[in-house]
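What follows is one structure encoded as structure tokens, with my remarks underneath.
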Amino acid sequence: MAHDEPSKSAVQTKLVIRNIGLLLSGDLTNPILDADTVVAIGDRIAAVGKEKDIDTSGATVTIDAKCTALAPGLIDSHVHPVCGDWTPRQNQLGWIDSYLHGGVTTMVSAGEVHTPGRPKDIVGLKAMAIFAQRVFQAFRPGGVKIYAGAPILEHGMVEDDFKELAAAGVKILGEVGLGSVKDGKTAHQMVSWARKYGIQSTIHTGGPSIPGSSLIDKDMVLETDADVIGHVNGGHTALPDNQITALCESSTRALEIVHNGNERAGLLALRTAMELKQLHRVILGTDSPAGSGVQPLGMVRMIALLSSLGEIPAEVAICLATGNTAKMRNLDCGLIAPGREASFVLMDKAQHSAGKNLLDSIQKGDLPGISMIIIDGVISAHRSRNTPPATVVPEVVNR
Ligand SMILES: [Zn+2]
């Protein structure tokens with residue numbers, strides 16, 4: 001999703017983060033890096049390695065991580081933004097800024113479906129998608145990047161509509177099944193048109209979310225063949241177990257597990273993907289704001305849930321919320337590697353956790369204490385106002 005970049009300042013900043021005790025890469029094939037230093041020039045990672053091997057001179061900002069952990073900023077693969085930082089679903093202001101304090105630096109819209117009076121005619125839904133793409137590209141609470149402008153499929157859309165949307169900058173479809181298109185044949189045709197013009201698709205999976213939404217079962221999901229099997233664990237009502245395992249086995253598409261879904265079904269999807277050796281397909285989101293509310297800590301709660309009850313190492317669970325999603329959704333964040341977006345979350349074991357270190361604390365089901373969030377090489381927040389307090393926090397040693 002290569003959106004146009006906002007204009008950058010002429011002066012290049014150089015951010016050096018040193019004394020990192022645990023460097024989590026976001027990459028499933030190598031989740032822990034043997035490195036203690038990250039350098040970012042402007043909004044990109046320039047170097048990752050041992051401090052003695054890296055040019056740290058001329059830093060505009062130096063952060064001493066105090067031997068705590070650094071990971072890529074978390075990506076929420078499934079949000080429903082509406083209007084700026086307000087959600088009418090729960091009539092709450094400032095929800096995006098609250099998610100920043102839960103370590104989220106990037107969000108992907110699964111449709112601006114909670115917009116009061118959402119237009120369902122084709123001209124109207126196209127206009128709303130283009131409008132949402134534009135406003136969220138320009139409006140970034142706390143620096144959080146929101147990829148929005150995700151139209152909901154309605155009957156009557158033709159190939160030219162997808163061509164027109166793509167030309168106008170629309171890159172994603174809202175959840176298939178939330179509009180009038182609820183049959184696999186039509187949905188498959190529209191998803192194929194979208195794909196032809198570079199628009200990625202996600203399908204709602206499971207029972208209706210709220211009155212007016214409807215059941216999408218395994219057969220509809222497989223026939224539609226969207227790029228992302230949205231909330232494979234339901235949102236909130238899950239499909240029967242045999243349908244969830246069939247989706248894991250019969251499709252190669254991304255398997256999205258969300259906070260506002262059925263937790264037991266989420267663990268089933270995780271275990272099935274692991275048995276199939278296809279953990280790279282698993283990506284995480286919150287599916288919020290929704291009827292279940294707004295969850296600033298939804299992403300770290302998912303990491304702790306899947307690590308503790310799903311019994312996967314915490315560093316692997318973090319990959320599902322970062323690198324996996326970036327790869328499945330063609331984003332240039334989510335991995336600690338030169339050339340990637342310089343967006344990071346620094347964390348440590350929460351104060352008084354029974355875990356012996358950060359990873360052990362997450363594997364025991366505790367949430368990490370987030371101590372700093374950096375987006376595009378710029379500090380967005382210091383100690384999180386929402387997580388349990390980190391035991392040790394990094395220090396800015398010069399600016
Ligand atoms: Zn849904």
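Just so you know, all these numbers are worked out from the coordinates, no wet-lab data involved. On a predicted model such as this, the values are computed, not experimentally measured, just so you know. Reconstructed Cβ throughout: ideal geometry from the backbone, glycine too, with neighbour counts over all protein chains shown.
Structure above, values below:
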{"quantity": "Net charge dipole size for the range 18-136 [Lys, Arg +1 and Asp, Glu -1 on Cβ; Debye, nearest 20]", "calculated": "440 debye"}
{"quantity": "Cα gyration tensor shape of the range 1-157, rounded if a/c is under 1.5, else prolate or oblate by comparing a/b with b/c", "calculated": "prolate"}
{"quantity": "The chain - share of DSSP beta bridges that are antiparallel (%, nearest 5)", "calculated": "55 percent"}
{"quantity": "Percent breakdown of C-alpha pair distances by 5 Å bin, ordered from the shortest bin, for the range 202-294", "calculated": "3, 16, 29, 28, 16, 6, 2, 0"}
{"quantity": "For ILE45, ILE122, order by how many other beta-carbon atoms lie within 10 Å, fewest first", "calculated": "ILE122, ILE45"}
{"quantity": "Under the Karplus curve 6.51 cos²θ - 1.76 cosθ + 1.60, θ = phi - 60°, whole-Hz ³J(HN,Hα) for the range 34-39, x wherever Gly or Pro sits", "calculated": "8, 7, 10, 9, 10, 10"}
{"quantity": "Using alpha-carbon coordinates, inclination of helix 122-138 to the longest axis of the chain, degrees", "calculated": "0 degrees"}
{"quantity": "Footprinting exposure proxy for MET302, MET220 (fewest neighbouring C-beta atoms within 10 Å first)", "calculated": "MET220, MET302"}
{"quantity": "Karplus-derived 3J(HN,Hα), 6.51/-1.76/1.60, for each residue of the range 201-212, Hz, glycine and proline x", "calculated": "10, 9, 10, 5, 10, x, x, x, 7, 9, x, x"}
{"quantity": "Surrounding net charge for ARG340, when Lys and Arg each add one and Asp and Glu each subtract one, Cβ distance under 13 Å", "calculated": "-3"}
{"quantity": "On Cα atoms only, tilt of 298-308 relative to the major axis of the chain in degrees", "calculated": "80 degrees"}
{"quantity": "Sequence-distant lysines (8 or more away, or on other chains) whose Cα lies within less than 23 Å of LYS66", "calculated": "LYS14, LYS50, LYS52, LYS349, LYS356"}
{"quantity": "Folded to 0 to 90 degrees: helix 241-250 orientation relative to the chain principal axis, Cα", "calculated": "80 degrees"}
{"quantity": "The chain: relative contact order as a whole-number percent, Cα under 8 Å and 6+ apart", "calculated": "21 percent"}
{"quantity": "Theoretical ellipticity at 222 nm over the chain - DSSP helices of four or more residues, -39500 (n - 2.57) apiece, nearest 500", "calculated": "-7500 deg cm²/dmol"}
{"quantity": "Proportion of all alpha-carbon pairs of the chain beyond 28 Å (%)", "calculated": "43 percent"}
{"quantity": "Interchain or long-range residues, amide H under 5 Å from ILE32's placed H", "calculated": "SER25"}
{"quantity": "Neighbour-count ranking [beta-carbon atoms within 10 angstrom, fewest first] of ARG385, ARG340, ARG301", "calculated": "ARG385, ARG301, ARG340"}
{"quantity": "Gyration tensor verdict on the range 140-235 (Cα atoms; rounded if a/c is under 1.5, prolate if a/b is larger than b/c, oblate otherwise)", "calculated": "oblate"}
{"quantity": "Three-way shape label, the range 74-296, alpha-carbon gyration tensor, a/c 1.5", "calculated": "oblate"}
{"quantity": "Among beta bridges that DSSP assigns inside the range 74-296, antiparallel share in %, nearest 5", "calculated": "20 percent"}
